[in-house]
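Peer 1: After the C-alpha cells below, expect a handful of questions from me.
The values are calculated or read from the model by the stated rules, or taken from the named source; none is laboratory data. All values derive from a computational prediction rather than experimental measurement. Note that each Cβ is placed from the backbone with ideal geometry, even for glycine, and that neighbours are counted across all protein chains shown. The area values use the complete protein model at the heavy-atom level, side chains included, leaving out ligands, DNA and RNA. Shrake-Rupley method; radii C 1.70, N 1.55, O 1.52, S 1.80 Å.
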Amino acid sequence: MNRSLSAQERAKRVIPGMTQLLSKRPDMFSLGVWPGYYDKAKGCTVWDLDGNEYIDMSISGIGANVLGYADDDVDDAVVGAIRTGSSSSLNCLEEVELAELLCELHPWAGMARFTRSGGEAMTVAVRIARAHTGKDTVAFCGYHGWHDWYLAANVGTENALGEHLIAGLDPCGVPKALRGTAIPFRFNRLDELEKIVGEHGKDLAAIVLEPIRNAPPTEDFVRGVRAAADACGAVLIVDEISSGLRMNTGGAHLLFGFEPDMAVFSKALGNGYPIGAVLGKESVMQSAQKTFISSTCWTERIGPVAALATLRKHRRENVGSRLMQLGRNVQDGWRHLLTKHGIKSDVNGMLPMSHLDFETPCPQHTKALFVQIMLEQGFLASNLYYAMYAHRDEHVARYLKSADVAFGVIAEGLRNQSLEKMLKGLPSATGFKRLT
C-alpha cells in the first residue's frame, strides 16, 4: 500500500483535514491501514492506488452510490449529456423533467429547486422556510450538515449536537449572534418538541427532522410533529438526504406517514453525481422568490440527467425492496456471529444503512482491528454497511464468512487483552477533531 499511504501524507500537506468529507478520512477507519484513495470503482468493487482489489461492504460512497459504482445506465445518460453540452447560456430541460418526476413521486409536493449537494440544499430549505414565515428559529432533530444555521446549535453550549450523529462539532466561525436560533430535540421525543413550541413557537420558522435514522418513528411522533408545526405556523421540513431512495423510490417519509411542507434530497439521488433537491408545497416554495437563492453550477446538466436515470432505474427495478433485503441479511448475520463469538455489540440502523456499535472495553481498537482483518481478506468494511444494488447475495455470504474470521480474532484478542498489540494502524477516531 505504498502509493495509497504516501498519497495520504501528500494530502495532509496541501488539504486542511486531508479530505473534503469527514466520513471518508482514513483515521475514521484506521490510519496507516485504510487505503484512503481509489484508482477505479465498478459495481461494488474498488481498486486502490496500489492495485489492490476490494469488495466494498462499507459506506458505499457514504450512501451516494445506491445503485453501485459506475452504473452503466446512469453513466450512459451522463456521457450523453456531456457529449451534447453539460452547460450553456440556456437552461437544460432535464431540470424541468426532474421537478415533474419528483412531484409525481411525492404527490403532496408541487414545486422543486435544485442544488448540487445536500448541505446546501438543507440551507436553501431553511432559507425558504424563514422567508415564508418571517421568523428565524429552527427546531430540529438529527444530522443536517455543516452550515451555519445548523452548527448554531453549538454556539454557547457544550455539545448540543452530540446526540445528533457527530459529536464534537466546533462552531468556530459561526456568528455568535446565531446563538439560540437552532434548538435540538430528540427523535421520537414529542414532549421535547412540544416544550420548544411552547417556549419559542412565536419565533419558530421550521421544524426539521429525518424520517428515520436508527429506530422508525412512532405513530404519535409522526402525527405530533405535524400538529406542532400547525400550532405555531412553522414549516415542517423532512431531511431525506440519508434516507431517500433507501427503502423505496422517493422519500422514506411516504412509508411512515409524515406530511411535510418540504423535503430535501441528495446523496443517492444522482448515484454519486452531484445533485440536491428541495421540493415542497407550492405555497411554501414560491417564497423562494422573496429571497435571493441562485448559483451558476446549479444550472449544469449532469446532475439532473443523473438523477433522472437513477430514479427511473430505481423505480423500474424496485431497488428499495432489494436494499432492505440486503440490509436485513447483513444485520441478521452480524447478530448471529457476534453472539457466536461472545462480542457485546449493538446492531441498529435502518436496514439499508446498518451499523454495529462495539460495546467492548476498547471499542475504537475493536473497530480498527475489524477494519484491518477485513482488508486482509479483500473487503472494505467498517462498523457500517450501506447497501448498494450492485451487492449480490454471494457478496454478502463471502462478507459474513470473512466477518466470522474477524470476530473470532477479536474475541481472542479481548480474552487475552492483546487487541492493541494486534493493530497495524491506529485506533478508529470518533467525532470531529483536528487532524495533524
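Peer 1: So if I check each of 333, 327, 303, which one is at pLDDT 95 or above, under 23 Å from residue 393 (Cα atoms), under 22 Å from the mean Cα position of the chain (by Cα) and assigned to a helix (DSSP H, G or I)?
Peer 2: Result: 327 is the single residue among 333, 327, 303 that is at pLDDT 95 or above, under 23 Å from residue 393 (Cα atoms), under 22 Å from the mean Cα position of the chain (by Cα) and assigned to a helix (DSSP H, G or I).
Peer 1: Here's a check for you: in segment 168-192, which residue that is surrounded by fewer than 19 Cβ atoms within 10 Å (Cβ to Cβ) and in contact (Cβ under 8 Å) with a residue 60 or more places away in the chain is farthest from residue 148 (Cα to Cα)?
Peer 2: 168
Peer 1: In the set 165, 151, which member is in a helix (DSSP H, G or I) and either open to solvent by 20 Å² or more (accessible area, probe 1.4 Å) or among the hydroxyl-bearing types (Ser, Thr, Tyr) (or both)?
Peer 2: 151
A quick yes/no check of all residues on (1) polar (S, T, N, Q); (2) assigned to a loop (DSSP other than H, G, I, E, B); (3) open to solvent by less than 60 Å² (accessible area, probe 1.4 Å):
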position	(1), (2), (3)
194	no, no, no
198	no, no, no
211	no, yes, yes
216	no, yes, no
223	no, no, no
236	no, no, yes
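Peer 1: Any idea which of 351, 380 is under 20 Å from residue 44 (Cβ atoms), surrounded by 21 or more Cβ atoms within 10 Å (Cβ to Cβ) and within 24 Å of the chain's Cα centre (by Cα)?
Peer 2: 380 is the lone residue from the list that is under 20 Å from residue 44 (Cβ atoms), surrounded by 21 or more Cβ atoms within 10 Å (Cβ to Cβ) and within 24 Å of the chain's Cα centre (by Cα).
Peer 1: Then there's this: Condition first: more than 20 Å from residue 424 (Cα to Cα), in a loop (DSSP other than H, G, I, E, B) and not hydrophobic (A, V, I, L, M, F, W, C). Now tell me which residues in segment 3-50 satisfy that.
Peer 2: 16, 17, 19, 20
Peer 1: Go through segment 83-110 residue by residue and tally those that are closer than 19 Å to residue 241 by Cβ, open to solvent by 30 Å² or more (accessible area, probe 1.4 Å) and of a type in the set (A, V, I, L, M).
Peer 2: Number satisfying all stated conditions: 0.
Peer 1: If a residue has to be in a strand (DSSP E or B) and open to solvent by 30 Å² or more (accessible area, probe 1.4 Å) to count, how many in segment 111-121 make the cut?
Peer 2: 2
Rundown of residues vs (1) open to solvent by less than 70 Å² (accessible area, probe 1.4 Å); (2) over 23 Å from residue 212 (Cα atoms); (3) out of contact with any His (no Cβ under 7 Å at 6 or more places or on another chain), yes/no style:
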{"position": "291", "(1), (2), (3)": "yes, yes, yes"}
{"position": "295", "(1), (2), (3)": "yes, yes, yes"}
{"position": "300", "(1), (2), (3)": "yes, yes, yes"}
{"position": "315", "(1), (2), (3)": "no, no, yes"}
{"position": "324", "(1), (2), (3)": "yes, no, yes"}
{"position": "333", "(1), (2), (3)": "yes, no, yes"}
{"position": "336", "(1), (2), (3)": "no, yes, yes"}
{"position": "357", "(1), (2), (3)": "yes, no, yes"}
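Peer 1: Could you please find all residues in segment 135-167 being free of Cβ contacts under 8 Å to residues at least 12 places away in the same chain and farther than 27 Å from residue 216 by Cβ?
Peer 2: Those that are free of Cβ contacts under 8 Å to residues at least 12 places away in the same chain and farther than 27 Å from residue 216 by Cβ: 157, 158.
Peer 1: Moving on. Could you check segment 350-393 and list, in sequence order, the residues that are part of a strand (DSSP E or B) and of a type outside the set (A, V, I, L, M)?
Peer 2: 354, 355, 357, 358, 379, 385, 386
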